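Student: Okay, here's the structure, questions in a sec.
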Amino acid sequence: MRKSFPVEDLARDERFVHVALADRINDPRNAQAADSGSSGRRGAGRLTPERPDAPDAARALMHGIFVGEIQALEGAGRTCWDFEVGSGNGEGIPEVPFELKLDMARQCWDEARHCEISIKLSGHMGTDLGEFSENTFLYEAACNPDPVLRLTGVNRALEGLAIDVFNTMREFGEIAGDPVLEFCEDWMLADEVTHVKMGSDWLRKLTADDKPRQERALEFQRVVDKLFSLGGFRGEEDDSPVRLARRFRELAGFKDDEMDTLAQIAKEAREEMEAIAEANRPAIAH
Amino acid sequence: MPVEIRPETFSLVHFDANEIRAIVEKLVVLIGLPAAASVTIEVDESTPLAHAVVTSTDPIVIAVESGAFEDPKVVRHLNAIAATDVLGKLLLSVKDRLDPAFGEAPADADLTLPEVAAWETYCVGRLGRLGHRVQRQRRLYQFRNRHGFTDAADAAFDALWTADGLTWADISAISNQATA
């Protein structure tokens, strides 16, 4: 079986359609994020049941979670296979400690369960599998040839995002009085905290004597974090649809200064999106 | 029937005004709106959001954000099923408002979220019986979000989903009972 499986070859049936993240980011209508336009609305706003479109917004987000779970399973599975057992100190061919592979095997078990939960939740919310497009950035981050960067990008950045999303959805279910959603999100959230902590622990352990590698990994995490702040989708602004879940991130091994940095990255991502919107404004005006 | 689509040419999304016009013309006949009814669809293509609202019933004017017609799998492209779903639901609500027997419903802006969900359930249920593909479970989830995840809410949903000839007082009463 080959190592480092390319994203283009992921197994998907005809229900699933891939849309590149760039297509979303470069959508000229994102000018709405900065310019209230004719409707007078700045953006979709925080995801709470009070939003008129809340049920459909929650369905779309849940579908994004579902395809993310598939890719997380695929990524953790690849990490079990792609690297030889060794010290993991970065010398020679990529190697990882056997215990890291065990962690990834445990994560596969969790992600497989999350896929099944997500499928059931999609049915509960009235969503067809494949109803919304899939972007494959999570798996792409899981293709990094350095296992430390891979775990930092996936487990700390993207699973960290999952903590924020699951916490938002758990609160959504609680406020809406939906016991099924609240219960499922709470259980998955607990697993995500474990996954993020795995990433934090392995990052520190494998780079304890290799600060340049640690810095490369953290820089990779910053890039992934910025991309997945999606122009303010996740952040600490009042109208960010998904809020930074500081308490759960703390449980997952994030330090206060790391969360402050993440909040700043999200703010920068939002400002950059607004700058793009500003640049596109003449096109919309005509 | 005069049907106008604004704008006639789209620059930020890949929508075809003629395709939207054909959907409206088909729906007007299917739903049974007056043949002489004038319908204008104003599409705000500057936003990917998906709000849609009736701004006038005579003439009929519907304002739509482009996300409401968008294919969830293909960015900035029209999805005929989504457009039919949104327009069909709104045109059925217009038909209700134009029917004196329906009674006086509050203005759209004054409807509560449970009332909106109840009326939409009634409209989409009828749209499904007219032959359009509808997502019953999606609508049930919306209804439950506004009326509670209870057996009483589910029974109220079924009553609205399968009904014809309801008045605003009927819809309002079913909605209120479900949340009581």
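Please treat every number below as a calculation from the coordinates, not as lab data. In this text, all values refer to a predicted model and were calculated from it rather than measured experimentally. As a convention, Cβ positions derive from the backbone with ideal geometry for all residues, glycine included, and neighbour counts pool all protein chains shown.
Student: Going by amide H atoms built from the backbone, whose H comes under 5 Å of the H on B:V61, apart from near neighbours?
Tutor: Placed amide hydrogens put B:T40, B:T55, B:S56 under 5 Å from B:V61.
Student: While we're looking at this one, here's another question. What is region A:70-194's relative contact order, in percent, from Cα pairs under 8 angstrom and six or more apart in sequence?
Tutor: This gives 22 percent for region A:70-194.
Student: Go through region B:138-152 residue by residue and turn each phi into a ³J(HN,Hα) via Karplus (6.51, -1.76, 1.60, θ = phi - 60°); whole Hz please, and just put x for glycine and proline.
Tutor: 4, 5, 5, 4, 4, 5, 4, 4, 9, 10, x, 8, 9, 5, 5
Student: Going by alpha carbons, how many degrees (0 to 90, nearest 10) lie between the helix axis of B:80-98 and the longest principal axis of chain B?
Tutor: Helix B:80-98 sits roughly 60 degrees off the main axis of chain B.
Student: Further, regarding this structure: Only four residue types carry charge here, +1 at the Cβ of Lys and Arg and -1 at the Cβ of Asp and Glu. Report the dipole size of region B:105-179 about the Cα centre in Debye, rounded to the nearest 20.
Tutor: Its charge dipole is roughly 400 debye.
Student: Other chains near A:133-140: what is the mean number of their Cβ atoms within 10 Å of each residue's Cβ?
Tutor: Counting Cβ atoms of other protein chains within 10 Å of each residue's Cβ and averaging gives 1.
Student: Taking every residue in B:134-143, how many Cβ atoms of other protein chains lie within 10 Å of its Cβ, on average?
Tutor: 5
Student: Here's something else I'd like to know. Dipole magnitude of chain B about its Cα centre, charges +1 at Lys/Arg Cβ and -1 at Asp/Glu Cβ only, in debye to the nearest 20?
Tutor: My answer is approximately 540 debye.
Student: Take each of the peptides B:63-73, A:257-267, average the number of other beta-carbon atoms within 10 Å over its residues, and list them starting from the highest.
Tutor: Highest to lowest by the protection proxy: B:63-73, A:257-267.
Student: What does the charge count around A:P97 come to, taking other residues whose C-beta lies under 12 Å from its C-beta (Lys +1, Arg +1, Asp -1, Glu -1)?
Tutor: Here the count lands on -3.
Student: Each residue of region A:61-71 in turn: what ³J(HN,Hα) in whole Hz from Karplus with 6.51, -1.76, 1.60 and θ = phi - 60°, glycine and Pro shown as x?
Tutor: 5, 5, 5, x, 4, 4, 5, x, 5, 4, 5
Student: Taking amide H positions as placed in the peptide plane 1.01 Å from N, state which residues far from A:V96 in sequence (5 or more) or on other chains have amide H under 5 Å from it.
Tutor: Here the answer is A:E84, A:V85, A:G86, A:G88, since their amide H atoms fall under 5 Å of that of A:V96.
Student: Under 23 Å between alpha carbons, and skipping anything fewer than 8 positions from A:K267 in its own chain: which lysines qualify?
Tutor: The qualifying lysines are A:K226, A:K255.
Student: Go through region B:86-145 and name the trypsin sites (Lys or Arg not before Pro) that are in a DSSP coil and have 13 or fewer other Cβ atoms within 10 Å of their Cβ.
Tutor: Within region B:86-145, the qualifying trypsin sites (Lys or Arg not before Pro) (loop, at most 13 other Cβ atoms within 10 Å) are B:R133.
Student: Nearest 500 deg cm²/dmol is fine: what mean residue ellipticity at 222 nm does the protein assembly as shown get from its DSSP H runs of n ≥ 4 alone, each adding -39,500 (n - 2.57), divided by its residue count?
Tutor: Result for the protein assembly as shown, helices only: -18500 deg cm²/dmol.
Student: Assuming a viscosity of 0.890 mPa s and a temperature of 25 °C, what translational diffusion coefficient in µm² per second does Stokes-Einstein assign to region B:105-179, Rh being the Kirkwood radius over Cα pairs?
Tutor: After rounding, the answer is 202 µm²/s.
Student: Another one. Show log10 I(q)/I(0) for the protein assembly as shown at q = 0.06 Å⁻¹, two decimals, from a solvent-free Debye sum over equal Cα scatterers.
Tutor: -0.30
Student: Quick one: what do you get for region A:7-285 if you divide its Cα Rg by 2.2 N^0.38 Å?
Tutor: Rg over 2.2 N^0.38 Å, computed on Cα atoms: 1.00.
Student: Can you tell me the dipole magnitude for chain A around its Cα centre, using point charges on the Cβ only (Lys, Arg +1; Asp, Glu -1), in Debye to the nearest 20?
Tutor: In total the dipole reaches around 160 debye.
Student: Hand me the GluC sites (Glu not before Pro) from region B:1-41 located in a DSSP loop with no more than 15 other Cβ atoms within 10 Å, in residue order please.
Tutor: Filter output for region B:1-41: B:E8.
Student: Quick one: pull the percentage of alpha-carbon pairs in chain B with a separation above 21 Å.
Tutor: The calculated P(r) of chain B puts 49 percent of pairs beyond 21 Å.
Student: Among the lysines, which fall within straight-line cross-link reach of A:K101, defined as a Cα-Cα distance under 24 Å, with same-chain neighbours fewer than 8 residues apart omitted?
Tutor: Cα-Cα hits under 24 Å: A:K3, A:K197, A:K205, A:K211.
Student: While we're looking at this one, here's another question. Taking the Cα atoms of region B:3-98, what is the range of coordinates along each of the three principal axes, in descending order and whole Å?
Tutor: 35, 21, 21
Student: As a test, work out the antiparallel percent of DSSP beta bridges whose residues both lie in region B:3-98, rounded to the nearest 5.
Tutor: In region B:3-98, approximately 40 percent of DSSP beta bridges are antiparallel ones.
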